[in-house]
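The values are calculated or read from the model by the stated rules, or taken from the named source; none is laboratory data. Since the structure is predicted, the reported quantities are computational estimates derived from the model, not experimental observations. Cβ placement follows ideal geometry from the backbone for every residue including glycine, while neighbour counts extend to all protein chains displayed.
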Amino acid sequence: MPPFVPARRHFLKGLAATGIASLLPAECRAASAEVLSGTAFTLTIAQTMVNFTGTARPATTVNGSIPAPTLHWREGDTVTLTVVNELAETTSIHWHGLILPYEMDGAPGISFNGIPPGSRFTYRFKVQQSGTYWYHSHSGMQEQTGLYGAIVISPATETIVADRDYVVQLSEWTDEDPLAVFAKLKKQSDYYNFNQPTAVDFIHDVAHDGLGAALDKRAMWNEMRMSMTDLADISGYTYTYLINGKTAADHWLGLFQPGERVRLRFINSAAQTFFDVRIPGLSLTVVHADGQPIVPVSVDELRIGPAETYDVLVSPSQQAYTVFAQSMDRSGFACGTLAVRAGLSAPVPTPDKPEPLTMTDMMGAMSGPVAVHHAKSEYGASVDMRVDTPRTNLDDPGVGLRNNGRRVLTYADLRSVEGIISDQRPPGRDIELHLTGNMERYSWSLDGVPFDESTPIHFRYGERLRVIFVNDTMMSHPMHLHGLWSDLESSDGQVQVRKHVVVVQPAQRVSFRVTADARGYWPWHCHLFYHMHGGMFRVVVVA
């Protein structure tokens, strides 16, 4: 199946080629993100008209830009951030991945009341870490409409030497009202999925597996009312993919000189998109994951889930390279250029062919519709499947990246540097949670219970505990626990790497340890924007 390419992309490329994009009114183009340094900041949230597609639409901006300003801090400093709300609705800023007092976390209804229209709120906290992080709204649909920015925190002692240092912030934009997008998904969960199985695919299966096996395969998927091409809820049909607020036509540029070492801080600020990132012709040496230093590992490609960050080092020697980030469902891509001067470019790769989910992706070590029946008796109508035998491997790069001829990063490659994970106590207890959903209803939950029907999860202050996630759905979920680190375990139960987002693949079981060292109320949710709004959300109370 060829990847779906919206007609709008051809229009954008035409605009760039003719120079029309540069003639759009200034009020219809979001400003480039400024870089702010120091310890005191004023961030003004307002509505600004932007144009990424040829149509002017309202966006939620900070200081007039998408992304919001990049904030440079230093480890050990105390920062003061005054947020001014010029919107007609309540707003907020959550400092993603930062360890801070829960009152400063920025989650309305949990850690504070939000920032009402026409008012301001001052965040003040000590910076206790270093690395690459980001910030975004936790109010309504504002994150999807542009309210996100990068945070770069310099360590007290720098151990990574680079001649150039760039933030590469990935995101997506839709001209549609996000509430309308959500309503469409609730009515028809595959509304944006154009990678549906075709007659040609069936003929291929018959040739490869035989008629009986091909018919059985279709019958099984139909009985489960699931689609093997359900890789992403929202596709390039409505999304335009961005690097640092620029479309593929606008082409973000990072300059270098041959022989220099370049640090690229990849941040996935997308609401709903997993990106597969590579720079053809360059090896990527991954040195940080979620802001934390890791034992360096060299790869050709990496998958970055929503809310994750990866820092990589590259050593370019040619004149120009393409930074290529394709969506997991291959319906579109963002791209930019590393070059020795403006005006140079390198070939843009053709997006890979979308690969369908396998029965292992859907059912782990078990295959068959019995898992669906078990889910209905176990959790009720809000859940459409249950994985009885989940897989535990961390060395799987995921659907679409397996055996593609490139060296692809996996969680099994990630190892925190010595001393980062200081709490070596064995867990005192386990908490197991199932990631659940019903695609037909587009409802999402934990243990079959959506957020509005849930009660808080309690951690005892000071305890070391193990969290086990079992993914009973067909989709990958980037799970984020505010205010506390997640120390991912290997499949044999050994602490491996510290993260603030843990992606759980379909039919997978993962575990991580948590030290409950921060009192307060902390959100815990899937960072797929519409899954969070659809109910995959809980509150953790540490007391």
Exercise. Hey, any hits in the range 218-227 for a residue that's modelled with pLDDT of 90 or more and in a helix (DSSP H, G or I)?
Worked result: no
For this session: All but one of (1) in a loop (DSSP other than H, G, I, E, B); (2) in contact (Cβ under 8 Å) with a residue 40 or more places away in the chain; (3) of a type outside the set (Ser, Thr, Tyr); (4) buried (at least 23 other Cβ atoms within 10 Å of the Cβ) hold for Gly106, so report the exception by its number.
Result: (2)
Seminar exercise, completed: Over the range 113-166, the set of residues touching an Asp or Glu at 6+ places or on another chain (Cβ under 7 Å) and closer than 23 Å to Met532 by Cα is His136, Ser137, Gly140
For this session: Quick one: Arg460 ticks every box in (1) touching a helix residue (DSSP H, G or I) at 6+ places or on another chain (Cβ under 9 Å); (2) surrounded by fewer than 16 Cβ atoms within 10 Å (Cβ to Cβ) except a single one, so which number is it?
Result: (1)
Problem set entry | Residues being part of a loop (DSSP other than H, G, I, E, B) and crowded, with 16+ Cβ neighbours inside 10 Å - total across the range 109-148 | 17
Problem set entry | Check on Ile151, among the hydrophobic types (A, V, I, L, M, F, W, C) and assigned to a loop (DSSP other than H, G, I, E, B) | no
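Can you say whether Thr436 is assigned to a loop (DSSP other than H, G, I, E, B), touching a residue at least 12 places away in the same chain (Cβ under 8 Å) and buried (at least 21 other Cβ atoms within 10 Å of the Cβ), as far as the supplied structure shows? Talk me through it step by step, then tell me what you get.
Numbers: assigned to a loop (DSSP other than H, G, I, E, B): no; touching a residue at least 12 places away in the same chain (Cβ under 8 Å): yes; buried (at least 21 other Cβ atoms within 10 Å of the Cβ): yes.
Here the answer is no, as Thr436 does not meet what is asked.
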Seminar exercise, completed: Across the range 116-159, the tally of residues that are touching a Gly at 6+ places or on another chain (Cβ under 9 Å), at pLDDT 95 or above and aliphatic (A, V, I, L, M) stands at 4
For this session: Restricting attention to the range 52-103, report how many residues are of a type in the set (A, V, I, L, M), within 21 Å of Glu308 (Cα to Cα) and either at pLDDT below 95 or touching a strand residue (DSSP E or B) at 6+ places or on another chain (Cβ under 7 Å) (or both).
Result: 6
Exercise. Ile151 passes all but one of (1) farther than 18 Å from Thr42 by Cβ; (2) in contact (Cβ under 8 Å) with a residue 60 or more places away in the chain; (3) buried (at least 19 other Cβ atoms within 10 Å of the Cβ); which number fails?
Worked result: (1)
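Only residues that are under 30 Å from Lys187 (Cβ atoms) and not in a loop (DSSP other than H, G, I, E, B): list them for the range 231-287, please. Don't jump to the end; show me each part of the working.
Filtering the range 231-287 for residues under 30 Å from Lys187 (Cβ atoms) gives 231-242, 247, 268-276.
Tyr239, Thr240, Tyr241, Leu242, Asn268, Phe275, Asp276, listed by residue number.
So, Pro450, is that one within 27 Å of Tyr148 (Cα to Cα), surrounded by fewer than 20 Cβ atoms within 10 Å (Cβ to Cβ) and not aliphatic (A, V, I, L, M) or not? Before the answer, list the steps.
Details: within 27 Å of Tyr148 (Cα to Cα): yes; surrounded by fewer than 20 Cβ atoms within 10 Å (Cβ to Cβ): yes; not aliphatic (A, V, I, L, M): yes.
In short, yes.
Residue-wise test of (1) at pLDDT 95 or above; (2) assigned by TED's automatic domain parsing to the domain that holds Gln128; (3) not charged (D, E, K, R); (4) not in a loop (DSSP other than H, G, I, E, B).
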site: Val295; (1), (2), (3), (4): yes, no, yes, yes
site: Arg303; (1), (2), (3), (4): yes, no, no, yes
site: Pro306; (1), (2), (3), (4): yes, no, yes, no
site: Pro316; (1), (2), (3), (4): yes, no, yes, no
site: Thr337; (1), (2), (3), (4): yes, no, yes, yes
site: Arg341; (1), (2), (3), (4): yes, no, no, no
site: Leu357; (1), (2), (3), (4): no, no, yes, no
Exercise. Among Pro293, Pro306, Pro280, which is the only one that is over 30 Å from Gly419 (Cα atoms) and in contact (Cβ under 8 Å) with a residue 40 or more places away in the chain?
Worked result: Pro280
Exercise. Considering the range 293-346 alone, what residues qualify as being polar (S, T, N, Q) and within 29 Å of Ala232 (Cα to Cα)?
Worked result: Ser298, Thr309, Thr322, Gln326, Ser327, Ser331, Thr337
Exercise. So, in the range 486-539, of the ones that are in contact with a Gly (Cβ under 8 Å, 6 or more places away or on another chain) and among the aliphatic types (A, V, I, L, M), which residue ends up surrounded by the most Cβ atoms within 10 Å (Cβ to Cβ)?
Worked result: Ala507
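Tell me the residue from Ser486, Ser491 that is small (Gly, Ala, Ser) and either touching a Ser or Thr at 6+ places or on another chain (Cβ under 9 Å) or within 13 Å of Met536 (Cβ to Cβ) (or both), please. Outline the logic, then answer.
On the way: Ser486 fails: either touching a Ser or Thr at 6+ places or on another chain (Cβ under 9 Å) or within 13 Å of Met536 (Cβ to Cβ) (or both).
Ser491 is the lone residue from the list that is small (Gly, Ala, Ser) and either touching a Ser or Thr at 6+ places or on another chain (Cβ under 9 Å) or within 13 Å of Met536 (Cβ to Cβ) (or both).
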Problem set entry | Test for Tyr166: is it assigned by TED's automatic domain parsing to the domain that holds Thr60, aromatic (Phe, Trp, Tyr) and in a strand (DSSP E or B) | no
For this session: Note down all Cβ pairs under 7 Å where the first residue falls in the range 167-179 and is farther than 14 Å from Ala56 by Cβ, the second is part of a strand (DSSP E or B) and among the acidic types (Asp, Glu), and they're at least six residues apart or on different chains.
Result: none
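Could you pull out the residue among Leu81, Leu100 that is among the aliphatic types (A, V, I, L, M) and part of a loop (DSSP other than H, G, I, E, B)?
Values: Leu81 fails: part of a loop (DSSP other than H, G, I, E, B).
That would be Leu100, the only listed residue that is among the aliphatic types (A, V, I, L, M) and part of a loop (DSSP other than H, G, I, E, B).
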